[in-house]
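What follows is a single structure, written as structure tokens, with notes after it.
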Amino acid sequence: MSRFTSAASELAEQGWTIINDFLSSQAVFALFNEAQQLWDTGHYKNAGIGRGSEYTVREDVRNDHIFWLNEQTPTDAQVRYWEVIEQLQLELNRELFLSLDSFEAHYAVYPPGAFYLKHTDRFTDSDERLISSTLYLNPDWDIKYGGQLRLYTAEECVDVLPMAGTCVLFRSDIFFHEVRPATQLRFSLTGWFRRRSLRVI
Ligand code: OGA
Ligand code: MN
């Protein structure tokens, strides 16, 4: 048993799960400060959709801003995050018989009013992304601020509040989801567990 065994089995059974206290509150706060500092110093770019030559900024679909992390050069604030992601990846491989072998992640900022319309996280030309993961960073998020992640599960919608330390995991290929507009700056760290895809030869 590891601390992620029950989350991994829930993910296997229902395709999504929520982990509270994914990191210590100090570790989440360090990420929050870093995300905020990068925002204050203009380091984010407008998020787009699609990948490679297909990449386009579509502010009618999403109008958040992102900053990609570099796993090779983690900052002090990121070290613990990458360690825990590694533990989670091992547990997902073990429990779900997956072959996840890499992870890509970016900070995202949604200014007041920003949104991301209903979508899935799988690109049409790539099946590498298997599991989506979002860790929320805002301390003291109030339900009246909005900004929920709305996950369209089989039976109903599940609304996840973007509160510091909450991490939501779901299958990238099948779950439609959207980010509802908020009245406050909303900070998160989103990433995808990937497998190597079979190339056409
Ligand atoms: C995404 C996304 C969810 C969130 O970046 O693809 O759906 O709650 N993010 O920030
Ligand atoms: Mn998404």
Quiz item: Is it the case that residue 49 is of a type in the set (A, V, I, L, M, F, W, C) and at pLDDT below 95?
Solution: yes
Quiz item: For residue 22, all conditions in the list (1) assigned to a helix (DSSP H, G or I); (2) crowded, with 16+ Cβ neighbours inside 10 Å; (3) not small (Gly, Ala, Ser) hold save one; what is the number of the exception?
Solution: (1)
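Looking only at the stretch 179-196, which residues are in a strand (DSSP E or B) and within 22 Å of residue 20 (Cβ to Cβ)?
Initial filter on the stretch 179-196 (in a strand (DSSP E or B)): 179, 182, 186-194.
Within the stretch 179-196, 179, 182, 186, 187, 188, 189, 190, 191, 192, 193 meet the criteria.
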Quiz prompt | Pairs with Cβ under 6 Å, 6+ apart, first in the stretch 33-47 and aliphatic (A, V, I, L, M), second surrounded by 13 or more Cβ atoms within 10 Å (Cβ to Cβ) | solution = 35/107; 35/137; 35/187; 38/67; 47/62; 47/64; 47/66
Quiz prompt | Matching residues, the stretch 173-201, being within 15 Å of ligand 2 (Cβ to nearest atom) and either over 26 Å from residue 27 (Cα atoms) or of a type in the set (D, E, K, R) (or both) | solution = 173, 174, 175, 176, 177, 178, 180, 186, 194
Exercise. Considering each residue of the stretch 17-50, count those that are under 19 Å from residue 88 (Cβ atoms) and in contact with a Lys or Arg (Cβ under 7 Å, 6 or more places away or on another chain), and give that number.
Key: 2
Self-check item: Whichever residue in the stretch 1-46 is hydrophobic (A, V, I, L, M, F, W, C) and more than 30 Å from residue 117 (Cβ to Cβ) and, among such residues, is modelled with the lowest pLDDT
Solution: 1
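The values are calculated or read from the model by the stated rules, or taken from the named source; none is laboratory data. All figures in this text were calculated on a predicted structure; none of them were measured in a lab. All Cβ positions, even for glycine, are placed from backbone atoms using ideal geometry, and neighbour counts span all protein chains on display.
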